[in-house]
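What follows is a short report on a single structure.
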Amino acid sequence: MENELKHIFYKFSVPVREQDILIRKRKQVVKEKVRQFNKPDSVFKDWKEDNPTLLSKSFMKDIKYWKVKRLAKDENEYNDIIQVFLKYIVKLKHVYIDLISSSTFPTISSTDFINYCNRVGFIDKKMPLSLIDTIFVNTNYELEDHNDQNPNRELCRYEFYEILLRIAKAKYKDQGVCSNLSESLELLIKDLVIPNSHPGKWQEFRDRKLWTIEVNDIFFVNLSQLRRIYNNITFEDAIRLMTKRLKTGLSESQAVYCYGMSKMTIMNEMGKTQTKTNTYWRLQFVEFLEYIGR
């Protein structure tokens, strides 16, 4: 029949594959986000860092209390002395904070200052210990009574600056090495104070060890518990916490050093607001975190 369908069959023989099928996968590029420490977003955001402007303002408040005008009666010489101090104020602040943290915090005892004088080379045949002691007494004499903020036989910050000038005068100007007080002061700072003081790590400790992602993460997850422990902790309580309540193995002097190095710069040491309710005698919370870190 003409309309009858015709079917044609073909037979194919497919050889068996002897190799595995190659599966091609599209390579996915995963960009790993690297976390970086950012202080404004960290638990340390409230820490106020030192800078030349802040320390200069602090210094200008300090010198309202010193007796240097009795030594430098010429106005130009007095201003030159101030400029020398401002030139080295950052390094001098580091020396001072290390000394008070290692002594009768927040001041420097006479014994510790004598040891410092030996260490940096102030004392020699022409500058005997007896002369240093006389200079200490003259520096420590107060025109105004600042009560507990400036104990007798101890140096506060403005007195530390003043005694450096008095030593420079006795060591260089009075012996004819320099012709004026500002040159004498700069020689003392450049040749003896800066190269021989070796203060502990102040900002370097924060930059290298404390202000990191890892440390911030640990503090962040424990903030609520740490705030309960903090509770506006005082100097005495902070030292007791690390030497008595916790088994840190720290001596009292080690705990005091950590406490002192954890304090932000006090703008006006002799101001009426500097009492045991704040400043040196009480840690702010961000200082408490650093105290733990140190």
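The values are calculated or read from the model by the stated rules, or taken from the named source; none is laboratory data. Source: prediction; values computed, not measured. Backbone-built Cβ (ideal geometry, glycine too); neighbour counts: all protein chains shown. These accessible areas exclude ligands, DNA and RNA; they are computed on the full protein's heavy atoms, side chains included. Shrake-Rupley method; radii C 1.70, N 1.55, O 1.52, S 1.80 Å.
Cross-link partners for K67 among the lysines, with Cα-Cα distance under 16 Å and sequence neighbours closer than 8 places in the same chain left out: K169.
Given 0.36 nm per residue, what is the gain on full extension from M60 to Q254 after removing their alpha carbon distance, in nm?
This chain segment gains 66.7 nm when fully extended.
Counting protein heavy atoms only, the chain has 50 percent of its accessible area on carbon and sulfur, 1.4 angstrom probe.
Counting only heavy atoms of protein chains, what accessible area per residue, in Å², does the chain have with a probe of 1.4 Å? Before the final figure, lay out the partial values.
On the way: 18600 Å² over 294 residues.
Each residue of the chain exposes 63 Å² on average to a 1.4 Å probe.
Ranking T212, N51, H94 by how far each Cα lies toward the positive end of the dipole of the chain (charges on Cβ) leaves T212 at the top. Per the Kirkwood treatment, what hydrodynamic radius in Å, one decimal, follows for the chain from the mean inverse distance over all distinct Cα pairs? Result for the chain stands at 23.1 Å. Remark: for residue pairs K39/K93; K125/K171; K57/K87; K201/K244, the C-alpha separation exceeds 19 Å in K39/K93; K201/K244. The magnitude of the dipole of the range 98-143, with charges of +1 and -1 set on the Cβ of Lys/Arg and Asp/Glu and taken from the Cα centre, is near 200 debye. Looking at the range 128-227, the chymotrypsin sites (Phe, Trp or Tyr not before Pro) that sit in a DSSP loop and have at most 12 other Cβ atoms within 10 Å of their own Cβ are Y141. Separation of the range 196-213 from the range 39-62 is 15 Å, based on Cα centroids. Taking 12 Å as the straight-line reach from the Cα of K91, the aspartates and glutamates in range (excluding those fewer than 8 positions away in the same chain) are D50.
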